[in-house]
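Q: Okay, handing you the structure first.
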Amino acid sequence: MPIITKISVAKRNKGRFHIYLDKGEGEEYAFTVSEDVLVKRQLIKGRKLTEKEIEAIREEDVLDKAFQKALNFLSYRMRSKKEVLQYLKDQEVQQEEASQLLDRLKDLNLLDDQMFAAAFVRTKKNTQKKGPLIIEQELYEKGISQRMIDKAMEEYPVEEQLNNAMNAASKKLSSYKSEAHRQKKQKLGQFLMQRGFTSSVVQQAVEESMKDNDDNLELEAIRKQGTKAVKKFSKLEGWEREQRIKQHLYQRGFSMEIIEEWLREQEEEE
């Protein structure tokens, strides 16, 4: 029966140990194990091992190495069960072994989809200021159940959603300063929808953000757009020129009232 003749520390990894056996033909290297397996299996010099025990130790060490990789994967940030499972699959860990590792991680409170989902929501709402619809979709893609998603979204009340939406709208509004009031509202709404906010929150955020968008700003915007329109239709004359300019400005969201006001201003300047 094989007997352990020497145990030496691996040079490149001090947490692993080389096991040497004598099977009746002299000492030879047999396998390498982690410290956990070494202690758990009580591998000491002079101990006899059956071939079945040797095979079991090797299999256990393979599983232990995969477990150490999973721990390292989890050390950077919290992960969902689906993420860890995919990682183990990429590491070519068999399905049955991966399931054992997931159970082990759960028992150690290192893998909890509900805790992960709640932390994920807090991070996304506080750092990236994303809307709830995008956050929910991202959680779903990470394998979180709808029940857990609903629970986790309690971390993101409507008041915070509205606050984030209004802050995003206020910053974005400056890039629409040359647009008509109607165009600003439409583009601002589309922007917030793309950020994942619900239609009710978007509507409130747009209305609040546009409160300061007074007639002076609208007149300033039409002056810029009107100047471009005059150049564009400079080859036309009279009634046709005026109608084309009106149509151009109306299509860009200006009301006929503000268009007529701008045209009167142009006539006075002439």
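Only the coordinates and a few stated rules stand behind these numbers; no lab work does. Please read these numbers as outputs of a predicted model, since none were measured by experiment. All Cβ positions, glycine included, derive from the backbone under ideal geometry; neighbour counts span all protein chains shown.
Q: Scan [x] 52; [y] 36; [z] 16 for the value of percent of Cα pairs over 35 Å apart calculated from this model and give just the label.
A: Answer label, from the structure shown: [x].
Q: If one computes the Cα centroid of the stretch 174-192 and of the stretch 4-70, what distance in Å separates the two points?
A: 68 Å
Q: What list of ³J(HN,Hα) couplings, whole Hz, do you get for the stretch 102-113 from phi and the Karplus terms 6.51, -1.76, 1.60, once you set θ to phi - 60° and write x for glycine and proline?
A: Per residue, the Karplus-derived 3J(HN,Hα) values read 4, 4, 5, 5, 5, 4, 8, 6, 9, 9, 8, 4 Hz.
Q: Turning to a different aspect of this structure: How large is the convex hull of the Cα atoms of the stretch 29-124 per residue, expressed in Å³ as a whole number?
A: Each residue corresponds to 112 Å³ of Cα convex hull volume.
Q: Return the long-range amide H neighbours of residue 32 (sequence gap of 5 or more, or a different chain), with a cut-off of under 5 Å between placed amide H atoms.
A: Here the answer is 19, since their amide H atoms fall under 5 Å of that of residue 32.
Q: Now, a different point. Mind checking the full-extension length gain between residue 151 and residue 207? Use 0.36 nm per residue of separation minus the Cα-Cα distance, one decimal, nm. Let's see the in-between values first.
A: Numbers: separation 56, 0.36 × 56 = 20.16 nm, distance 2.97 nm.
Computed gain between residue 151 and residue 207 is 17.2 nm.
Q: Spelling out what I want: for every residue of the stretch 221-231, take phi, set θ = phi - 60°, compute 6.51 cos²θ - 1.76 cosθ + 1.60 (Karplus), and round to whole Hz; glycine and proline get x.
A: 5, 6, 5, 5, 5, x, 4, 5, 5, 4, 5
Q: Looking at the stretch 10-52, which chymotrypsin sites (Phe, Trp or Tyr not before Pro) are in a loop (DSSP not H, G, I, E or B) and have at most 13 other Cβ atoms within 10 Å?
A: Taking the stretch 10-52 and a limit of 13 other Cβ atoms within 10 Å, no loop chymotrypsin sites (Phe, Trp or Tyr not before Pro) are found.
Q: In sequence order, what are the phi-derived ³J(HN,Hα) couplings for the stretch 57-66 according to the Karplus relation 6.51 cos²θ - 1.76 cosθ + 1.60 with θ = phi - 60°, rounded to whole Hz, with x for glycine and proline?
A: 5, 4, 5, 5, 5, 4, 5, 5, 5, 5
Q: Moving on to the next point. Near residue 40, which lysines are there with a Cα under 29 Å away, not counting those fewer than 8 places off in the same chain?
A: The qualifying lysines are 6, 11, 14, 23, 48, 52, 65, 69, 81, 89, 106.
Q: Okay, next question. For the chain, what is the mean residue ellipticity at 222 nm derived from helices alone (per DSSP H run of n ≥ 4: -39500 (n - 2.57); sum divided by total residues; nearest 500 deg cm²/dmol)?
A: Mean residue ellipticity at 222 nm (helix-derived): -20000 deg cm²/dmol.
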